[in-house]
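Nothing in this text is a laboratory measurement; each read-out follows from the coordinates by a stated rule. Since we're looking at a predicted model, the values are computed, not measured. All Cβ positions, even for glycine, are placed from backbone atoms using ideal geometry, and neighbour counts span all protein chains on display.
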Amino acid sequence: MEFGLSDIQLDIKRAAREFAEGEFLKVARECDRAEKIDMGLLQKARELGFVGIFIDEKYGGMGMGFLETAIVMEEFWRVDPGIGSQIMCLPFGSEMIMLFGTEDQKERYLTSICREGKIGAVAVTEPDAGSDVLNVSTRAVRKDDGYCINGSKMFISNGDIADFFVTLCLTNPDAALKTGRHSVIVVDGNSPGIERNKICGKLGIRAHDTAEITFNNVWVPEQNRIGQEGKGFECFMAFFNRSRAYIAAQGVGIAQGALELALRHTKNRKVFGKPLASSEIVQVTLAEMATLTEAARNLTYKAAWKVDKGTIEPALISMAKWYAGEVGVRVVDEALQLHGGYGYIDEYDIGRLYRDAKIVEIYEGAKAIEKLIIGRHLVKGQVSF
Ligand SMILES: Cc1cc2nc3c(=O)[nH]c(=O)nc-3n(C[C@H](O)[C@H](O)[C@H](O)COP(=O)(O)OP(=O)(O)OC[C@H]3O[C@@H](n4cnc5c(N)ncnc54)[C@H](O)[C@@H]3O)c2cc1C
């Protein structure tokens, strides 16, 4: 059993930390306040190879795994979740194309992300279908060697800036099995009939673009379908069983960042004439925060490592996503508490982390859904210990 990171992984971790510390904090507060994306920063991230880490070198990516992606995610979220999320989300959907796309689709979409600066998006959620993915009703009806798409998608990351949407559509409403009614179709962003409405006023990750998308008679050629017709649900479950492994790292990054801010503050802040960090009660709190963070990190790295080894364990991946998300929220709450009133004002970064943390418990499978998956696999005896 080997718990240490390899030299290459350590180099990636160092490079991600250096980039995030050097570049994010200069603009983080402004991007959060104005809910804007720093396009220059995204370009720098591309030039340094942080966009499409897991995409094959053949298509211009780094050819690394989901563990390396998780390592970079953790480092970015440790410094600023909004900016970190926006950068890491640029190739969103390419996981699906790598898994189920034809060679032509890979050439078209993966290469355009890595070499031309194009932006992907994943469009599943709808106003009436979030956790209940099978309720997706965006309709794709066959027309002229393709599909005509109508429907609305909600909370779509990169929605306002994406060049293409990897979209879950209802293609076979009469299929006997509920799981056989959907298909995955890539909708090019410049197709006529797409309406985008940026969602403003998010609680956190405000530097990360989110929009509502409406498809009004959007025509898409059949060659844009990913995988077989009727296999959309299956494709998306396979997708989530990869993406959740690196999304878990967001919770780890938040917890690590919050722990470090709390350590710095309590060492500097004098209360009753001595540094706050000299109080045993404070040390116990810091110890709990550090232990939770390390436990979440180990679970996350194990889940991502197994994915890279080709062993997909949905329960393990859900454990990592749920636990790391909860640890992020809990640790940042303790960290803010240790800042006292200073944590409550904008000038201190801990408040932003506090607002950002909650999203990990909501998207990419809300925590109740992760627990349902773990429970179901436990009962069926499909969890390896
Ligand atoms: C900033 C942001 C970015 C997002 N990005 C994307 C994106 O890129 N693409 C995309 O498709 N979606 C995206 N989403 C949507 C996100 O995945 C959904 O919000 C999430 O899946 C939950 O769906 P919902 O909001 O409809 O909540 P609901 O499904 O209505 O659930 C509400 C709550 O009830 C709980 N719950 C649900 N079912 C049960 C049950 N059976 N038992 C007990 N509790 C239950 C859930 O845990 C949840 O907390 C994003 C959301 C946000 C806020």
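Take each peptide in 363-370, 124-131, count the other Cβ atoms within 10 Å of every residue, and average; sorted highest first, the result is 363-370, 124-131. For the chain, relative contact order (Cα pairs under 8 Å, six or more residues apart, normalised by length) works out to 16 percent. The dipole here belongs to the chain: it is taken about the Cα centre, uses +1 on the Cβ of Lys and Arg and -1 on the Cβ of Asp and Glu, and is about 680 debye. Computed from point charges on the beta carbon alone (+1 for Lys and Arg, -1 for Asp and Glu), the dipole magnitude for region 234-379 about its Cα centre is near 180 Debye.
Post the alpha-carbon centroid distance, region 313-385 to region 14-91, in whole angstrom. When both Cα centres are located, 21 Å separates them. In the chain, the DSSP-assigned H stretches of four residues or longer account for a calculated mean residue ellipticity at 222 nm of -16000 deg cm²/dmol, using -39500 (n - 2.57) per stretch and the full residue count as denominator. Cross-linked pairs LYS321/LYS371; LYS13/LYS309; LYS309/LYS380; LYS44/LYS302; LYS202/LYS358: Cα-Cα separations exceed 18 Å for LYS13/LYS309; LYS309/LYS380; LYS44/LYS302.
The charge dipole of region 1-136, taken about its Cα centre with unit charges on the Cβ atoms of Lys, Arg (+1), Asp and Glu (-1) only, comes to about 380 debye. Placing dummy labels 7 Å off each Cα toward the beta-carbon, the span from VAL284 to SER191 is 5.9 nm.
Take each peptide in 161-173, 75-87, 198-210, count the other Cβ atoms within 10 Å of every residue, and average; sorted highest first, the result is 75-87, 161-173, 198-210. Shape summary of the chain, radius of gyration then Dmax from alpha carbon positions: 21.0, 78 Å.
On the basis of the beta-carbon distance and an R0 of 30 Å, ASP144 and THR214 show a calculated FRET efficiency of 0.90.
With 0.36 nm allotted per residue and the present C-alpha distance subtracted, the LEU5-PHE272 stretch has 91.9 nm of extension available.
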